[in-house]
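The values are calculated or read from the model by the stated rules, or taken from the named source; none is laboratory data. The shown structure was predicted, so the numbers you read here are calculated from the model rather than taken from an experiment. Cβ placement follows ideal geometry from the backbone for every residue including glycine, while neighbour counts extend to all protein chains displayed.
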Amino acid sequence: MDLLNTLVDKGLRRELPTRDEALAVLATSDDELLDVVAAAGKVRRKWFGRRVKLNYLVNLKSGLCPEDCSYCSQRLGSEAGILKYTWLKPDQASEAAAAGLAGGAKRVCLVASGRGPTDRDVDRVSDTIRAIKDGNEGVEVCACLGLLSDGQAERLREAGADAYNHNLNTSEATYGDITTTHTYADRVDTVRKAHSAGLSACSGLIAGMGESDEDLVDVVHALRELDPDSVPVNFLIPFEGTPLAKEWNLTPQRCLRILAMVRFVCPDVEVRIAGGREVHLRTMQPLALHLANSIFLGDYLTSEGQAGRADLEMIADAGFEVEGAGEVTLPRHRVADGAAGVCGAHAPEGGGCGSHEGGGCGTHAGAGCGSHEGGGATPCGSGPGAGERPAEARTDLVAVRRRGAGTDLAPNA
């Protein structure tokens, strides 16, 4: 297929596909799906080999959020029966993180619900970052605390944070349909604050909220301009008790097309399969490893994920290998001076999602470190891609997290 040959060539050169090319990926047929995966897989292997980076979530503060993000099980007015608790102490968070690290995770993502942190919250999280780093040499720590005020990103960086996550979630044109208590511009501003402070920016999207193909392409192109080092791709889990509880728009095939499109637009960036992969990709999860080079291990913020051991077996059976603590995730041109650091500043030739033309570098705590599993607002667009069959509602696969952080039960790592 000429389209795929063109996209592979562009991906190997870190060249931005056109909007029409990105849309064409989402419009491919099921008969073409394996060709799409194979083509995007060439780009993935060029920049990341067969390595899979493991990330582990620690939900520092669950529920009770004043924001109205419709996809979120922690939102204002949510009737989802999730765990609700206030801040974990640093030793509790460090103990929770240790389980994920023992399972092979390289990065710990510290997430807290809420609009954004107070200065006292930043102090609290800084103490937690130090506790985790003191006990685990070489671990990466990403904070996800919502909208940042001036100076807070710098303080997190000084405490030892490596990255900050704040997702754009959907296109600017439809953002007001899913959230009214803050704006798309607020999210962009937080990503830029993190980037300016020297933190590795992590910002992604949520698919399956009823958005159109055009919305998906718009948000991924916007992410490329913002230049994050990692792009988490979440697949909406429609939680009962949230406004989007009936939005079952995703099939495994559509999820794979979305991941392929993200890989083509962001060829040399860490693409992470985040919340919802077990619910929507299901038995097709191993194919997604040919597109993304990063996943979360075990459970998510408020929902249960696949068992950590099953994740490791899947990676091995698919012919991939877990990225070691001493390995650099990003390609050399995206790491300053080719150093062996985790991520962050880019060499002059490098750039965001393949180029640095956009400048700037976004999650409301509800979408924690790219793994939000929420559900819920007015649908944004047209749902499944043109010609796709309706997705089956698989509410049997949605399980509220009852173990790990904030409980007395062992985590699923």
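The figures follow:
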item: Some residue of segment 52-64 being among the β-branched types (Val, Ile, Thr), buried (at least 19 other Cβ atoms within 10 Å of the Cβ) and at pLDDT 95 or above; result: yes
item: Answer residue from segment 162-179, given it is touching a Ser or Thr at 6+ places or on another chain (Cβ under 8 Å) and part of a loop (DSSP other than H, G, I, E, B) and is modelled with the lowest pLDDT among those; result: Thr179
item: Residue match in segment 109-127 (condition: assigned to a helix (DSSP H, G or I), of a type in the set (Asp, Glu), modelled with pLDDT of 95 or more and touching a Pro at 6+ places or on another chain (Cβ under 6 Å)); result: yes
item: Subset of segment 211-242 (residues that are surrounded by fewer than 23 Cβ atoms within 10 Å (Cβ to Cβ) and closer than 27 Å to Val400 by Cβ); result: Glu240, Gly241
item: When residues of segment 144-176 are limited to those that are more than 21 Å from the chain's Cα centre (by Cα) and acidic (Asp, Glu), the one surrounded by the fewest Cβ atoms within 10 Å (Cβ to Cβ); result: Asp150
item: Test result for Leu156, in a helix (DSSP H, G or I) and either among the acidic types (Asp, Glu) or at pLDDT 95 or above (or both); result: yes
item: Extreme residue, surrounded by the most Cβ atoms within 10 Å (Cβ to Cβ), among residues of segment 95-108 that are at pLDDT below 95 and touching a helix residue (DSSP H, G or I) at 6+ places or on another chain (Cβ under 6 Å); result: Ala97
item: Flag for Arg277 being more than 27 Å from His195 (Cα to Cα) and out of contact with any Gly (no Cβ under 7 Å at 6 or more places or on another chain); result: yes
item: Subset of segment 61-80 [in contact with an Asp or Glu (Cβ under 9 Å, 6 or more places away or on another chain) and within 21 Å of Ala410 (Cβ to Cβ)]; result: Lys61
item: Single match in Ala22, Ala27 (criterion: surrounded by 23 or more Cβ atoms within 10 Å (Cβ to Cβ), among the aliphatic types (A, V, I, L, M) and more than 21 Å from Ala318 (Cα to Cα)); result: Ala22
item: Residue within segment 256-275 that is among the small types (Gly, Ala, Ser) and surrounded by fewer than 24 Cβ atoms within 10 Å (Cβ to Cβ) present; result: no
item: Test: Val269 is modelled with pLDDT under 95 and under 17 Å from the mean Cα position of the chain (by Cα); result: no
item: Considering residues of segment 332-346 that are out of contact with any His (no Cβ under 8 Å at 6 or more places or on another chain) and surrounded by fewer than 18 Cβ atoms within 10 Å (Cβ to Cβ) only, the residue modelled with the highest pLDDT; result: Arg332
item: Residues of segment 122-141 satisfying the condition of being under 21 Å from Val328 (Cα atoms) and over 21 Å from the mean Cα position of the chain (by Cα); result: Ile132, Lys133, Asp134, Gly135, Asn136, Glu137, Gly138
item: Residue check, Ala131 in a strand (DSSP E or B) and either buried (at least 24 other Cβ atoms within 10 Å of the Cβ) or not basic (Lys, Arg) (or both); result: no
item: Verdict on Gly241 being under 20 Å from Asp68 (Cβ atoms) and either more than 18 Å from the chain's Cα centre (by Cα) or charged (D, E, K, R) (or both); result: yes
item: Candidates Val141, Val111, filtered to the one that is within 19 Å of Glu67 (Cβ to Cβ), in contact with a Gly (Cβ under 8 Å, 6 or more places away or on another chain) and buried (at least 23 other Cβ atoms within 10 Å of the Cβ); result: Val111
item: Every pair of residues 6+ apart whose Cβ atoms lie under 7 Å, when the first sits in segment 315-331 and is of a type in the set (Phe, Trp, Tyr) while the second is part of a strand (DSSP E or B); result: Phe320/Val52
item: Segment 400-413, residues that are surrounded by 13 or more Cβ atoms within 10 Å (Cβ to Cβ) and modelled with pLDDT of 80 or more; result: Arg401, Ala405, Thr407, Pro411
